[in-house]
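What follows draws every value from the coordinates through simple rules; no lab data is involved. These numbers were taken from a predicted model, which means no experiment stands behind them. In this analysis, Cβ positions are derived from the backbone assuming ideal geometry, glycine residues included, and neighbour counts consider all displayed protein chains.
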Amino acid sequence: MIEQRKPLGIGTLSLLVLAMGLAFNFSWGTEKVQISHYLFNLLNLPIYSNGDQGLHLPFVAAAIFWIPAVIIASKYRSHYGTKVAFNVAAFMLLLCIVGPVVNLVDRFVNS
């Protein structure tokens with residue numbers, strides 16, 4: 001019996017896009033530098049929706065990476081790594097959607 005391996009292709013790029021999205025919010029080095037926080041400070045945008053608390057906006061902005069990863073992985077499912085990329089990116093995208101909804105519900109309930 002010969003085992004067929006999945007080919008490398010465009011669908012494998014979804015793993016790269018997924019890794020870029022994870023690196024966007026990861027704390028790097030001993031000083032805990034985050035690329036997302038650096039870009040938000042550079043553009044004079046707030047990090048949190050409510051001063052020092054609330055919705056973490058760079059996490060929601062990382063949906064820029066999750067959406068293409070899900071689209072690429074779903075379009076090229078026969079390529080290597082697309083199943084992992086699709087599942088992880090879809091989960092992260094779900095968290096990006098649920099976070100703002102929970103924040104809005106909390107505002108309506110507590111106001």
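Assorted remarks:
- Couplings for the stretch 22-29, taken from phi via the Karplus curve 6.51 cos²θ - 1.76 cosθ + 1.60 with θ = phi - 60°, read 5, 5, 4, 10, 7, 7, 9, x Hz in order; Gly and Pro are left as x.
- Once the Cβ-Cβ distance of Glu31 and Phe59 is raised to the sixth power relative to R0 = 22 Å, the FRET efficiency obtained is 0.65.
- When every Cα-Cα distance of the chain is counted in 5 angstrom steps from zero, the calculated P(r) takes the values 2, 12, 17, 17, 15, 13, 10, 6, 3, 2, 1, 1, 0, 0 percent.
- Between Arg107 and Tyr48, the modelled label-to-label distance comes to 1.6 nm, taking each label 7 Å out from Cα in the direction of the beta carbon.
- Range of Cα positions in the stretch 60-111 per principal axis (Å), largest first: 49, 15, 12
- Cα-centre dipole for the chain with unit charges at Cβ (Lys and Arg positive, Asp and Glu negative), debye to 20: 460
- The string of couplings for the stretch 46-58 from the Karplus curve (6.51, -1.76, 1.60, θ = phi - 60°) is x, 7, 10, 6, 10, x, 9, 9, x, 6, 7, 5, x Hz, one whole number per residue in order, with x for Gly and Pro.
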